[in-house]
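Peer 1: Quick one: the structure is below, questions incoming.
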Amino acid sequence: MSRLRRDLRTLSASLLAGRWARPDLSDRIQRALEWTHAPASQLAARLTRDLGDHHPPQAQRLEDWLRQDSTLVARLERGSDHHPQVRWLLDAPVMEAQPAALAARVPQLPTIGDLAAWLRLSPGELEWLSDRWCQQSRETREPLRHYRYQWRPRAGRAPRLIEMPKPRLKRIQRRILRHILDPLQPHPAAEGFRRGRSCLTHAEAHTGQAVVVRMDLEDFFQSVPVRRVTALFRCLGYPAPVARVLRGLCTHCVSGDAWTRSGLDIPWERRQRLSSPHLPQGAPTSPALANLCCYRLDCRLTGLAARLGLRYTSYADDLAFSGAETLRHGFQRFHVLVARIALEEGFALNTRKTRLMTSAQRQILTGILVNARPNLPRPEYDLLKATLHNCIRYGPKEQNREGLPDFRGHLLGRIAHLSQVNPERGARLRRLWEEIDWSNEASEDRL
């Protein structure tokens, strides 16, 4: 990016950081450009004359106008390439906290400067990490990237991209999650990524129903409208500049060489979605933001379910409905209604994963059987039991066919998941696990 373009973008952000009125614009121009009162007042007059003096323009429109102002461009071009000519103003007008913010007791951050101090960052570090201009989508140097990428294959489907924030950004996102997002309550129908809720509570809500319907939202995290992330922070009382920086810290634009280096054939539409600002799958803040930004979707689907006498819950991208036999007879029309609501909210149903399950079939939600009571499918239990028996007879090393670095923890995690769903079976498998001789594996790890 050229120095002139960078200066114009910084000036645009500084002008939009306060009230859009001629005296305030003149003051911010003086401080951002270090101009005297007369030229700053003249530029403010031209701004309000051409762009209006009641409502601030869009950032891109303001930047385009500044680029066409010959007087401003001439003065900026006379500057040195090594010294920035425009200061990014960190102060913005204080906005009164909204009821949602007061109820949740989130931190009051009236200015970008307050946000930088709260995150223990310098202004330059905050601007770089928030990536306001989507520079990360063009960054090819690994040390300057904020995320690491990992493609995970999926059977019969395009591989999933996991975007893992680097340690410094991850610490910042965890602070935002803990102090701003966790105090907020998503819709009661949302069962995923919440304290006290799990895939088990999601499945329990549909246990013993005549008909269970499972639907799936395609590219869930990437499909969450970014404008809703900004709107969420605005609803908490944060001024627009602070909300935009918070959004930048929680969203990401994937670098264009992420798929060229992998050698994968990624469809153009998906590449466009990933290279635009979106919630990265792998960031600590993404699940909570997705839940909160889907509040209206959950409200509409809950209302539809209540109108038809059905139950509804969601677990991330999994939507579940259950009810009487009438659901099966009117399923086609019901499916169209859900798809329409999802489309209006910015999402698309993956129709290939839609399943209608009657009580005569295995009704499975998030891998849990819900026909009579929550339970794991018998083949999964039998496979885990056989693996544990083989570990006792032949040793765990022979059974770690996938080369997992912590096979012991892997088995213990699977047993814990089973114990949560079926404590009796889980206790039996735990006794088998305790009979395994792990000494050889531990000695090999030390070598």
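Peer 1: Within region 401-416, identify whether any single residue is among the aromatic types (Phe, Trp, Tyr), open to solvent by 50 Å² or more (accessible area, probe 1.4 Å) and either in a helix (DSSP H, G or I) or not assigned by the TED database to the domain that holds Asp318 (or both), and answer yes or no.
Peer 2: Step one: list which residues in region 401-416 are among the aromatic types (Phe, Trp, Tyr), which gives 407.
Imposing the further condition that a residue be open to solvent by 50 Å² or more (accessible area, probe 1.4 Å) reduces the set to none.
No: region 401-416 contains no residue that is among the aromatic types (Phe, Trp, Tyr), open to solvent by 50 Å² or more (accessible area, probe 1.4 Å) and either in a helix (DSSP H, G or I) or not assigned by the TED database to the domain that holds Asp318 (or both).
Peer 1: Based on this model, can you work out whether Ala342 counts as surrounded by 15 or more Cβ atoms within 10 Å (Cβ to Cβ) and either of a type in the set (Asp, Glu) or over 19 Å from Ala416 (Cα atoms) (or both)?
Peer 2: Working: surrounded by 15 or more Cβ atoms within 10 Å (Cβ to Cβ): yes; either of a type in the set (Asp, Glu) or over 19 Å from Ala416 (Cα atoms) (or both): yes.
Yes, satisfied.
Peer 1: Run down Ala158, Ala203, Ala210 and say which single residue is farther than 30 Å from Leu327 by Cβ and small (Gly, Ala, Ser). Please lay out each step first, then the result.
Peer 2: Values: Ala203 fails: farther than 30 Å from Leu327 by Cβ; Ala210 fails: farther than 30 Å from Leu327 by Cβ.
So the residue among Ala158, Ala203, Ala210 that is farther than 30 Å from Leu327 by Cβ and small (Gly, Ala, Ser) is Ala158.
Peer 1: How many residues, within region 77-122, are under 30 Å from Pro186 (Cα atoms) and either touching a Pro at 6+ places or on another chain (Cβ under 7 Å) or at pLDDT 55 or above (or both)?
Peer 2: Within region 77-122, the first condition is being under 30 Å from Pro186 (Cα atoms), and the residues that meet it are 92-121.
Now drop any that are not either touching a Pro at 6+ places or on another chain (Cβ under 7 Å) or at pLDDT 55 or above (or both), which leaves 92-95, 104-121.
Summing the residues that are under 30 Å from Pro186 (Cα atoms) and either touching a Pro at 6+ places or on another chain (Cβ under 7 Å) or at pLDDT 55 or above (or both) in region 77-122 gives 22.
Peer 1: Moving to a separate point now. Among all residue pairs at least 6 apart or on different chains, which show Cβ distances below 7 Å where the first residue, located in region 123-145, is assigned to a helix (DSSP H, G or I) and the second is of a type in the set (S, T, N, Q)?
Peer 2: Close Cβ pairs satisfying both conditions: Gln136/Ser255; Ser137/Ser255; Ser137/Ser275.
Peer 1: Out of the residues in region 166-221 meeting the condition of being in contact with a strand residue (DSSP E or B) (Cβ under 8 Å, 6 or more places away or on another chain) and among the small types (Gly, Ala, Ser), tell me which one is farthest from Glu142 (Cα to Cα).
Peer 2: Among those residues, the one meeting the criterion is Ala210.
Peer 1: Condition first: open to solvent by less than 10 Å² (accessible area, probe 1.4 Å) and not small (Gly, Ala, Ser). Now tell me which residues in region 249-272 satisfy that.
Peer 2: Hits for region 249-272 are Leu249, Cys250, His252, Cys253, Val254, Ile266.
Peer 1: If you check Leu246 against the conditions, is it hydrophobic (A, V, I, L, M, F, W, C), in contact with a Phe, Trp or Tyr (Cβ under 7 Å, 6 or more places away or on another chain) and buried (at least 16 other Cβ atoms within 10 Å of the Cβ)? Spell out how you get there, then give the answer.
Peer 2: Working: hydrophobic (A, V, I, L, M, F, W, C): yes; in contact with a Phe, Trp or Tyr (Cβ under 7 Å, 6 or more places away or on another chain): yes; buried (at least 16 other Cβ atoms within 10 Å of the Cβ): yes.
Yes: the conditions hold for Leu246.
Peer 1: Which residue pairs have Cβ atoms under 8 Å apart, sit 6 or more places apart or on different chains, and have a first residue in region 373-399 that is free of Cβ contacts under 8 Å to residues at least 60 places away in the same chain and at positive phi and a second that is in a helix (DSSP H, G or I) and acidic (Asp, Glu)?
Peer 2: If the second residue must be in a helix (DSSP H, G or I) and acidic (Asp, Glu), the pairs left are Gly395/Glu441.
Peer 1: Now for a different question. Let me spell it out: the conditions are (1) in contact with a Lys or Arg (Cβ under 8 Å, 6 or more places away or on another chain); (2) among the aliphatic types (A, V, I, L, M); (3) open to solvent by less than 10 Å² (accessible area, probe 1.4 Å), and Leu62 meets all of them except one. Which number is the exception?
Peer 2: Exception for Leu62: condition (1).
Peer 1: Could I ask something else about it? How many of the residues making up region 211-234 are open to solvent by 10 Å² or more (accessible area, probe 1.4 Å), touching a helix residue (DSSP H, G or I) at 6+ places or on another chain (Cβ under 6 Å) and not basic (Lys, Arg)?
Peer 2: Let us first name the residues in region 211-234 that are open to solvent by 10 Å² or more (accessible area, probe 1.4 Å), namely 214, 218-223, 225-228, 230-232, 234.
Those still in the list that are touching a helix residue (DSSP H, G or I) at 6+ places or on another chain (Cβ under 6 Å) too: 221-222, 228, 230, 232, 234.
Still in the list and also not basic (Lys, Arg): 221-222, 230, 232.
Matching residues across region 211-234 total 4.
Peer 1: Just checking, which of Ser359, Ser314 is assigned by the TED database to the domain that holds Arg296, touching a residue at least 40 places away in the same chain (Cβ under 8 Å), of a type in the set (S, T, N, Q) and open to solvent by less than 30 Å² (accessible area, probe 1.4 Å)?
Peer 2: Values: Ser359 fails: open to solvent by less than 30 Å² (accessible area, probe 1.4 Å).
Of the residues listed, the single one that is assigned by the TED database to the domain that holds Arg296, touching a residue at least 40 places away in the same chain (Cβ under 8 Å), of a type in the set (S, T, N, Q) and open to solvent by less than 30 Å² (accessible area, probe 1.4 Å) is Ser314.
Peer 1: Residues in region 291-299: is at least one out of contact with any Ser or Thr (no Cβ under 7 Å at 6 or more places or on another chain), over 27 Å from Val336 (Cα atoms) and either surrounded by 16 or more Cβ atoms within 10 Å (Cβ to Cβ) or not hydroxyl-bearing (Ser, Thr, Tyr) (or both)?
Peer 2: Residues of region 291-299 that are out of contact with any Ser or Thr (no Cβ under 7 Å at 6 or more places or on another chain), as a first pass: 291-297, 299.
Those left that are additionally over 27 Å from Val336 (Cα atoms): none.
No, region 291-299 has no match at all.
Peer 1: For His187, work out the one condition from (1) without any contact (Cβ under 8 Å) to a residue 60 or more places away in the chain; (2) under 30 Å from Arg355 (Cβ atoms); (3) open to solvent by less than 50 Å² (accessible area, probe 1.4 Å) it doesn't fulfil.
Peer 2: Of the numbered conditions (1) without any contact (Cβ under 8 Å) to a residue 60 or more places away in the chain; (2) under 30 Å from Arg355 (Cβ atoms); (3) open to solvent by less than 50 Å² (accessible area, probe 1.4 Å), the odd one out for His187 is (1).
Peer 1: I would also like to ask the following. Inspect region 288-297 for any residue being modelled with pLDDT of 90 or more, more than 30 Å from Gln135 (Cα to Cα), of a type outside the set (A, V, I, L, M) and not assigned by the TED database to the domain that holds Arg174 and give the result as yes or no.
Peer 2: Within region 288-297 (the criterion being modelled with pLDDT of 90 or more, more than 30 Å from Gln135 (Cα to Cα), of a type outside the set (A, V, I, L, M) and not assigned by the TED database to the domain that holds Arg174), the answer is yes, since at least one residue qualifies.
Peer 1: Now for a different question. Identify all residues within region 207-220 that are in contact with a Phe, Trp or Tyr (Cβ under 8 Å, 6 or more places away or on another chain) and either modelled with pLDDT under 90 or not in a strand (DSSP E or B) (or both); write none if there are none.
Peer 2: Glu218, Phe220
The values are calculated or read from the model by the stated rules, or taken from the named source; none is laboratory data. Everything numeric in this text was worked out from a predicted model, so none of it was measured. We place every Cβ from the backbone using ideal geometry, glycine too, and count neighbours over all the protein chains shown. For accessibility, only protein heavy atoms count, side chains too; no ligands or nucleic acids. Shrake-Rupley method; radii C 1.70, N 1.55, O 1.52, S 1.80 Å.
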